[in-house]
Amino acid sequence: MKKLFTSLIFSVSLLISGNVFSVPILNSFPSATATIFLDFDGHLVQSAVWNGGNPLNCAPSGLTEQQITDAFYRVAEDFRPFNVNITTDSTKFLAAPLNRRVRIIVTSTSAWMPGVGGIAYMGSFTWGDDTPAFVFSDKLGPYNTKMVAECISHETGHTVGLAHQSKYGNDCNTPTEPYNLGYGTGETGWSPIMGNSYYRNMTNWNNGPTPYGCTELENNLTTITTQNGFGYRADDFSETLNSGTYALTGNNFSVNGIITTNTDKDAFKFTLAQNLNFHLTASPYSIGANSAGANLDVKIELYKSSPTTLIATYDPLTTMSVTIDTILNAGTYYIKVSGAGNSNVSAYGSLGSYTISGTTSILPIRNVSLNGKVDNNKHNLSWKIIADEPIRSVEVQSSLSGSNFSALTSLAGSVTNFTYQPFKNNTVYYRLKVTSVVDQVVYSNVIALKGTETSGKQFSVSTLVQSEIVVNAAENYKYQLIDLNGRMINNGAGLKGINRINVSNQSAGMYILKLFNNEQQQTERILKQ
């Protein structure tokens, strides 16, 4: 449990360090003046406001070098949007102005302050007297890297003026959770840094109620950037979509950026000289799998230029990263990167660093051309595919609106035609979904065929077959397959649309197929070759 002191008593800390092992020298933003020093190697504190004014010899953190590195990068990501340096280098700390720095002592010396995982004075970052804050690694797990890092950011949050974030029920006076535990599980499970963030993956700054009442909201970002002598980092990429937009070049590209505010969007452009397969990943900074330690839930908007038009928005609810795998025609495109919310939290604190990586490749499937005509109340479709790789499958899709397509049937890659008798008089729209053996997917052009007068039958059946009977049904149905001796050799049920009955294990000859639903019964003679 964390504990907060709000006293404004000034103190003095002697900057004496007892180095007993090597701590990696790490800096998140070396050019920044404001400095947050993570002290892992022990420190002698003499302060009027700590330990009753008695000297306090703090032992090292007890963490390994790798644990220190991981904890550092988690904390660095929490403060990435701001013009402040997170450092393990004492010389950086000592070079910073007194009223623009704080020492966070990560130590296993905790007996003097029982019952808490860390402790800090609110607002002490600007006091100018080097009053430190403490994180007790032996009580966090113990020595759990994530818990130590979350506690460092939490206690540092107090030093820059932040209170706790709480959760309330119907009673606006008493919090149900004095330390807000957040919501959700998995990669996008969230909690506020100034609540209890030990048990969620996505932890960041929040605009929410404090323990002082459900209407007492604290805007963490505003407090941090207006009360401590530092603000946000400068924007690295503009949102504007024009000739000056940062260009992504080559068949393989990668670029790093930072979303610094919840209105920040970073724009990039790329140009394709021909139709290409386009693959892009946009990932928040993390220290491990499943976006461990990430703060930014990435959102991507894809635009086509001339005129600039939004093509698609990519914002998955269950992951913090984005993957785009599509086919784009020749031309100039733009993407915008921003922070998003999800089912657990708004976009308010979705800030931090990210990497976008992309590749383009020539399409193995170069062209898919679909044609069709109406013949004897049937829609006859035919197509031509030009490809450098074999085709695995062809899915025929239909739609009554021309926009929402569903599968009619799936055919082998060698098939080049399909006949279909619709059961409605409406105009029917068709397209193909073609998949190659290397899993490239290409859609054909869309064609429209006028509806025809129906025969009144509920079922359209292929009667001359080799390995399967194709049944096109107006409604769900049941069937029986009977040989000429009256023996039932197969039965079952089918769904509205295209269905297939396997007869590959039956001998050649004549069969009777009975189909029936609540409205109609139909009998067809089947000749198996």
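Note on segment 239-266: residues that are exposed (fewer than 14 other Cβ atoms within 10 Å of the Cβ) and among the polar types (S, T, N, Q) amount to 9.
Select from segment 478-492 the residues that are assigned to a strand (DSSP E or B) and either at pLDDT below 90 or open to solvent by 80 Å² or more (accessible area, probe 1.4 Å) (or both) and list them in ascending order. Let's see the steps before the verdict.
Filtering segment 478-492 down to residues assigned to a strand (DSSP E or B) leaves 478-483, 488-492.
Within segment 478-492, 478, 488, 491 meet the criteria.
Looking at the structure I just gave you, is residue 116 at pLDDT 95 or above, within 29 Å of residue 223 (Cα to Cα) and either open to solvent by less than 30 Å² (accessible area, probe 1.4 Å) or not aromatic (Phe, Trp, Tyr) (or both)? Answer is yes for this residue. Looking across segment 57-96, the residues that are open to solvent by 50 Å² or more (accessible area, probe 1.4 Å) and not in a helix (DSSP H, G or I) come down to 57, 62, 64, 83.
Would you check if residue 226 is out of contact with any Cys (no Cβ under 8 Å at 6 or more places or on another chain), surrounded by fewer than 13 Cβ atoms within 10 Å (Cβ to Cβ) and free of Cβ contacts under 8 Å to residues at least 60 places away in the same chain? Taking the combined requirement at face value, the residue satisfies it. Among residues of segment 317-352 being at pLDDT 95 or above, open to solvent by 30 Å² or more (accessible area, probe 1.4 Å) and within 12 Å of the chain's Cα centre (by Cα), the one that is nearest to residue 266 (Cα to Cα) is 321.
Looking at segment 340-434, what strands (runs of 3 or more DSSP E) fall wholly within it and have at least 2 residues that are in contact with a Leu (Cβ under 8 Å, 6 or more places away or on another chain)?
Working: elements: 352-362, 365-375, 378-387, 391-399, 406-412, 417-420.
Qualifying strands (runs of 3 or more DSSP E): 352-362, 365-375, 378-387, 391-399, 417-420.
Scanning for something within 29 Å of residue 204 (Cβ to Cβ), hydrophobic (A, V, I, L, M, F, W, C) and in a helix (DSSP H, G or I), does segment 250-268 turn up at least one residue? No, that holds for no residue. Under the condition of being out of contact with any Phe, Trp or Tyr (no Cβ under 6 Å at 6 or more places or on another chain) and open to solvent by less than 20 Å² (accessible area, probe 1.4 Å), the residues counted in segment 132-148 number 7. Within segment 191-210, restricting attention to residues that are open to solvent by less than 10 Å² (accessible area, probe 1.4 Å) and assigned to a loop (DSSP other than H, G, I, E, B), the residue that is nearest to residue 345 (Cα to Cα) is 205.
Note on segment 95-141: residues that are within 34 Å of the chain's Cα centre (by Cα) and free of Cβ contacts under 8 Å to residues at least 12 places away in the same chain total 1.
The values are calculated or read from the model by the stated rules, or taken from the named source; none is laboratory data. Quick caveat, the model's predicted, so the values are computed rather than measured. Heads up, the Cβs are rebuilt from the backbone with ideal geometry, glycines too, and the neighbour counts pull from every protein chain shown. Heavy atoms of the whole protein, side chains included, go into the accessibility calculation; ligands, DNA and RNA do not. Shrake-Rupley method; radii C 1.70, N 1.55, O 1.52, S 1.80 Å.
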